[in-house]
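Reviewing the structure listed below.
The values are calculated or read from the model by the stated rules, or taken from the named source; none is laboratory data. Predicted model only: the values in this text are computed from it and were never measured. Every residue, glycine as well, gets a Cβ built from its backbone with ideal geometry; the counts of neighbours run over all protein chains shown. Please note that ligands, DNA and RNA were not included when accessible areas were found on the heavy atoms of the full protein model with its side chains. Shrake-Rupley method; radii C 1.70, N 1.55, O 1.52, S 1.80 Å.
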Amino acid sequence: MKNLQEKLGREITVLLEDAYEMSGVEPSFSIPAERKFGDLSTTLAFTLAKKTGSKPFMLAGDIAARLQGKLAAVEEVRVAGGGFLNFFLRRDDFFTAQRRSLTEPWAPPARKEKVIVEHTSINPNKSAHIGHLRNSCLGDSLARCCRFLGYEVEVQNYIDDTGIQVADVVWGLLHYRRMDLDAIRRIPDLAAYLWELYAEVNRLFAADEALAAQRREVHRRIEEKAEPEYSTCLHVAEQVLLDHVRTMERLDIQYDLLARESDVIALDFFKAAAAELADRGVMAPSSDPGKQGCLVIHYDREKIEKIIVRSNGTITYVGKDIAYNLWKFDLLGRDFHYRPFHVYSDGRPIVMTASQPAASPPARSFGRGQRVYNVIDVRQSYLQNLIAQVLVQLGHPEAGANFIHFSYEMVALTPACVREMGLILEPGEESKPYIEVSGRKGRAVKADDLITRLEEKSLREVSARNPELAEAEARLLSHVIAVAALRYFMVKFNLNTVIAFDFKEALNFEGDSGPYLQYAVVRLNSILKKAAAADLDATSGAAGLAPLPEGERELYWELVLHLSLLEIQVEFALQNHELSSLATYAYGLCQKFNHYYHLFPVLAEPDPARRYLRLGLVLLFKNKIETTLSLLGIEIPGRM
RNA sequence: GCACCCGUAGCUCAAUGGAUAGAGCAGUUGACUUCUAAUCAACAGGCUGCAGGUUCGAGUCCUGCCGGGUGCGCCA
């Protein structure tokens with residue numbers, strides 16, 4: 001459909017050029033909700049009417065007359081409503097082209113741009129929670145969409161291994177629990193252990209300023225590499241990071257590179273950036289007496305001074321982030337060292353930055369992106385905007401334009417959910433619409449717990465439906481279904497919709513849910529499997545729709561039309577930063593398939609021509625839905 | 001105080017400025033001797049927070065108001 005629309009647009013422009021001023025006018029198309037309005041519709045007449053000051057309806061009539069019979073793919077052009085131009089396609093031609101595309105492998109356009117997607121970036125001091133899951137699911141699907149469209153994609157996960165958050169739990173382990181490093185190493189599930197400890201020490205810090213001061217002292221000692229704090233910090237950060245990587249691997253989410261803040265610091269990335277920032281006058285000493293000795297950047301949009309270098313000479317988070325993002329665009333003039341970190345079960349390596357050359361560094365290079373997506377929640381908008389501003393001020397407008405904050409709203413908990421988890425609501429919270437998740441307050445649903453809970457529910461459902469299944473196989477199916485439920489739930493909302501998390505909704509496997517989508521494909525695969533067993537070739541059959549009875553033909557055609565939109569849908573999702581539109585597209589296709597499935601039997605159809613046409617449609621459905629779902633990280637189980 | 005986001009069916013959410021505002025859940029009713037009922041069909045449910053404006057056309061854009069959320073730290 002994408003090629004057809006582009007061609008149609010060009011044809012129309014050429015045909016109308018003599019009569020109308022077409023510069024800057026690009027005909028755009030949509031599929032009308034009602035078939036009586038044709039297969040494709042354009043509002044071109046309204047656009048031109050505005051330019052010329054004439055009546056849309058009259059203009060549309062004239063345009064239709066000029067186009068009638070001159071467009072290769074179009075049977076008829078009609079005017080409807082106040083001036084809509086509706087196109088009726090040559091259905092058999094279009095259908096034949098769609099069927100042919102099934103036997104040709106998908107070839108995205110070759111693109112030179114390299115895209116870097118940063119997502120996840122969880123503080124390595126406790127287990128991941130539902131808030132992080134939204135980030136990772138969005139980021140991973142975003143990366144998959146970019147790959148699908150032909151971009152080279154590198155997925156990075158930024159690890160703040162030197163921040164105060166890690167220092168909090170280091171203090172808790174060493175000075176509160178009074179453990180030594182050996183004892184810490186023996187803690188079986190460190191991330192989960194720290195989940196509790198992190199919440200506990202933060203309660204202490206809030207209540208006792210002396211303890212909070214101790215925590216800052218621990219942080220300082222870590223920065224000075226003093227023992228035992230430094231080694232403990234390294235151990236904690238690495239173990240918890242490994243825990244996060246494993247959690248995300250359960251969801252089929254992988255990273256290419258783990259970029260550590262400690263390496264940004266050790267390799268003096270900021271120094272390189274600072275020289276440039278000072279030269280260009282972007283960063284300067286603060287004139288505010290309250291910020292004496294600080295280096296600041298004036299952020300125009302918010303009309304504020306943001307501290308980049310503290311009066312004690314240390315660099316703030318934003319400063320390090322500016323340097324890191326300059327590196328992503330290869331604008332820093334420096335590079336990390338690299339070392340292998342982990343190998344995924346499918347054999348893909350995951351690399352970590354290093355401050356020293358490694359014995360066996362990876363063969364590939366990292367960074368040097370032309371476009372950068374930072375998947376970070378909306379609460380960091382102003383810092384992300386500041387970085388974009390700095391890129392421009394440093395003389396890199398193209399990098400500034402290609403620096404994209406992929407912003408999304410937070411995940412929160414409903415008050416009912418907080419109560420259900422046995423946590424206490426503070427005064428006034430009962431009447432709130434939702435309550436922010438907070439690792440620091442221990443108020444969140446742990447990612448691993450939620451995944452496990454989804455797997456358990458799937459297992460009950462799978463076992464009930466397939467009692468003869470071996471447990472190992474049932475578990476495998478349950479896992480795939482649980483992942484679909486979670487990943488679909490995490491991307492189906494608009495980015496600026498706050499997800500007020502609720503177990504009942506997240507654990508729903510019916511209707512607008514991941515398992516619903518899988519179920520449609522499982523049924524459709526079952527038809528294809530039986531057809532293959534009966535030696536029916538789904539790719540053969542009639543070239544036109546004529547053999548279908550009239551009532552079916554219209555529906556069949558509408559389905560072909562919607563199935564052809566896949567590539568347009570992916571591009572739309574990427575352009576508008578709305579992966580939810582892709583989820584909605586997948587859901588719509590599955591609904592359409594289920595509807596068709598109930599109306600028209602495939603294998604039982606006695607007329608061979610009709611049977612082959614239906615089989616062909618089933619194959620088209622399989623191809624498009626499976627591709628869409630793969631972009632959302634959803635696999636299809638063998639049975640359900 | 002300033003900035004950003006949100007307000008659509010009982011609930012949770014959709015709807016590139018486009019034709020009669022759609023789904024799921026919950027409710028009522030019906031469909032498994034049939035390619036898997038994690039499904040389908042039907043009914044019911046709406047002053048799209050309020051008031052103006054822009055235009056061929058507004059849930060969508062602009063202004064004001066009401067209600068809710070978030071951000072603005074020598075934390076990250």
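Quick notes on this structure:
- Degrees, to the nearest 10: A:229-250 long Cα axis against longest axis of chain A: 20
- Alpha-carbon spread of the range A:2-89, three principal axes, descending order, Å: 30, 25, 20
- Farthest positive-ward along chain A dipole, Cα basis, beta-carbon charges - from A:PRO188, A:PHE489, A:GLY9: A:GLY9
- For trypsin sites (Lys or Arg not before Pro), the sites in the range A:221-329 that DSSP calls loop and that have at most 13 other Cβ atoms within 10 Å are A:LYS225, A:ARG280, A:ARG301, A:LYS303.
- About the centre of its Cα atoms, the range A:506-637 shows a dipole size close to 340 debye [charges on the beta carbon of Lys, Arg (+1) and Asp, Glu (-1) only; nearest 20 debye].
- Chain A, relative contact order [Cα under 8 Å, separation at least 6], %: 14
- The residues of chain A expose, per residue, 44 Å² of accessible area to a 1.4 Å probe.
- With R₀ set to 30 Å, the beta-carbon distance separating A:ARG475 from A:MET421 gives a calculated FRET efficiency near 0.70.
- Spatially proximal lysines relative to A:LYS529 (Cα-Cα < 19 Å; intrachain offsets below 8 disregarded): A:LYS622, A:LYS624
- Dipole moment magnitude, nearest 20 debye, chain A about Cα centre, only Lys, Arg, Asp, Glu C-beta charged: 540
- Within straight-line cross-link reach of A:LYS51, lysines at Cα separation under 26 Å, skipping those fewer than 8 residues along the same chain: A:LYS7, A:LYS70
- Each of A:GLU209 and A:VAL378 was given a label point 7 Å from its Cα along the Cα-to-Cβ line. The distance between the two points is 3.6 nm.
- At 1.306 mPa s and 10 °C, Stokes D of the range A:311-423 from Kirkwood alpha-carbon radius, µm² per second: 93
- Quarter of Cα convex hull surface for the range A:1-158, i.e. mean projection, nm²: 13.9
- Computed on the range A:334-399, with alpha-carbon pairs under 8 angstrom and 6+ residues apart, the relative contact order is 23 percent.
- About the centre of its Cα atoms, the range A:2-89 shows a dipole size close to 180 debye [charges on the beta carbon of Lys, Arg (+1) and Asp, Glu (-1) only; nearest 20 debye].
- In terms of overall dimensions, the C-alpha atoms belonging to the range A:444-518 reach 44, 25, 16 Å along their principal axes, ordered largest to smallest.
- Using a cutoff of 8 angstrom between alpha carbon atoms and counting only pairs six or more residues apart, the relative contact order for the range A:2-89 works out to 28 percent.
- The range A:36-129: chymotrypsin sites (Phe, Trp or Tyr not before Pro) falling in loop per DSSP and having at most 12 other Cβ within 10 Å: A:TRP106
- Calculated from backbone phi, Karplus (6.51, -1.76, 1.60) coupling profile of the range A:217-224 in Hz, x at Gly/Pro: 5, 4, 4, 5, 5, 5, 4, 8
- Spatial offset of the range A:208-237 relative to the range A:433-465 amounts to 33 Å, using the alpha carbon center of each.
- Cross-link partners for A:LYS432 among the aspartates and glutamates, with Cα-Cα distance under 15 Å and sequence neighbours closer than 8 places in the same chain left out: A:ASP502.
- Degrees, to the nearest 10: A:550-563 long Cα axis against longest axis of chain A: 30
- The angle between the Cα long axis of helix A:471-491 and the main principal axis of chain A comes to about 90°, on a 0 to 90 degree scale.
- Nearest-0.05 FRET efficiency for A:ALA609 and A:GLU76, computed from C-beta distance (R0 25 Å): 0.45
- For the range A:32-62 versus the range A:94-152, the gap between their alpha-carbon centres in whole angstrom: 36
- Longest to shortest principal axis, alpha-carbon extents of the range A:395-514, angstrom: 65, 46, 27
- Amide H contacts of A:PHE501 (H built 1.01 Å from N, in plane; Pro and chain starts excluded): A:ALA412, A:LEU413, A:THR414 sit under 5 Å, all sequence-distant by 5 or more or on other chains.
- Separation of alpha-carbon centers, the range A:1-27 and the range A:257-301, rounded to whole Å: 49
- Accessible surface of the range A:56-176 [probe 1.4 Å, protein heavy atoms]: carbon and sulfur percent: 54
- Computed across the range A:528-604, the Kirkwood hydrodynamic radius from all distinct Cα-Cα pairs reaches 14.6 Å.
- 20 Å binning of all Cα-Cα separations within chain A, expressed as whole percents from 0 upward: 16, 43, 31, 10, 0
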